[in-house]
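Peer 1: My structure is below; once you've seen it, I'll send some questions.
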Amino acid sequence: MVFSSAEEFLQSGTLAEAICVITDLRMPGMDGIELQRRIRLQHPTLPVVFITAHNNSDEIRHKAFDDGAVGFLYKPFHAADLLELIKTAPVNPPEK
């Protein structure tokens, strides 16, 4: 599923059904780090993959991984790299 914003995704009611989230780091409104934080509150084991066009994001990259991200790709990236991250991401049901 595709959403126009982090807020739209969180309001959609589909978080419990998600098996992986792919998000940009910088977006209008809520950024990807805040989205990851909010996801962790409801679904702590949900794999999150970040994409970004900003190569100066090393500190943020480390924070994303420290908070449980399973991948971080810099644009432009190869689709095969994204698919590999998705295929190897742990699939865990939401904790209740």
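Peer 1: Output the number of the condition that Gln42 fails; it satisfies all remaining conditions of (1) without any contact (Cβ under 8 Å) to a residue 40 or more places away in the chain; (2) open to solvent by 60 Å² or more (accessible area, probe 1.4 Å).
Peer 2: It is condition (1) that Gln42 fails.
Peer 1: Also: Going by the conditions given, is Ala18 among the small types (Gly, Ala, Ser), open to solvent by less than 70 Å² (accessible area, probe 1.4 Å) and in contact with a strand residue (DSSP E or B) (Cβ under 9 Å, 6 or more places away or on another chain)? Walk me through it before giving the result.
Peer 2: Numbers: among the small types (Gly, Ala, Ser): yes; open to solvent by less than 70 Å² (accessible area, probe 1.4 Å): yes; in contact with a strand residue (DSSP E or B) (Cβ under 9 Å, 6 or more places away or on another chain): no.
No; evaluated as a whole, the condition is false for this residue.
Peer 1: If I filter segment 80-95 down to residues being open to solvent by less than 70 Å² (accessible area, probe 1.4 Å) and under 17 Å from Phe50 (Cβ atoms), which single residue comes out as modelled with the lowest pLDDT?
Peer 2: Pro90
Peer 1: In segment 45-54, is there at least one residue being surrounded by fewer than 14 Cβ atoms within 10 Å (Cβ to Cβ) and under 12 Å from the mean Cα position of the chain (by Cα)? Write out each step before concluding.
Peer 2: Of segment 45-54, the ones surrounded by fewer than 14 Cβ atoms within 10 Å (Cβ to Cβ) are 45, 53-54.
Restricting the remaining residues to those that are under 12 Å from the mean Cα position of the chain (by Cα) gives 45.
Yes, there is a match, as at least one residue in segment 45-54 is surrounded by fewer than 14 Cβ atoms within 10 Å (Cβ to Cβ) and under 12 Å from the mean Cα position of the chain (by Cα).
Peer 1: When the residues of segment 21-39 are narrowed to those that are farther than 17 Å from Val70 by Cβ and hydrophobic (A, V, I, L, M, F, W, C), which ends up least open to solvent (accessible area, probe 1.4 Å)?
Peer 2: Checking each candidate, the answer is Met30.
Peer 1: Cβ contacts < 7 Å: first residue farther than 18 Å from Thr45 by Cβ, restricted to segment 56-70; second residue in a loop (DSSP other than H, G, I, E, B), any location; separation 6+ or different chain. Result?
Peer 2: Ser57/Leu25; Ile60/Leu25
The values are calculated or read from the model by the stated rules, or taken from the named source; none is laboratory data. Keep in mind that this is a model prediction, so the values were computed, not measured. Backbone-built Cβ (ideal geometry, glycine too); neighbour counts: all protein chains shown. Surface areas here come from the heavy atoms of the whole protein model, side chains and all, with no ligands, DNA or RNA. Shrake-Rupley method; radii C 1.70, N 1.55, O 1.52, S 1.80 Å.
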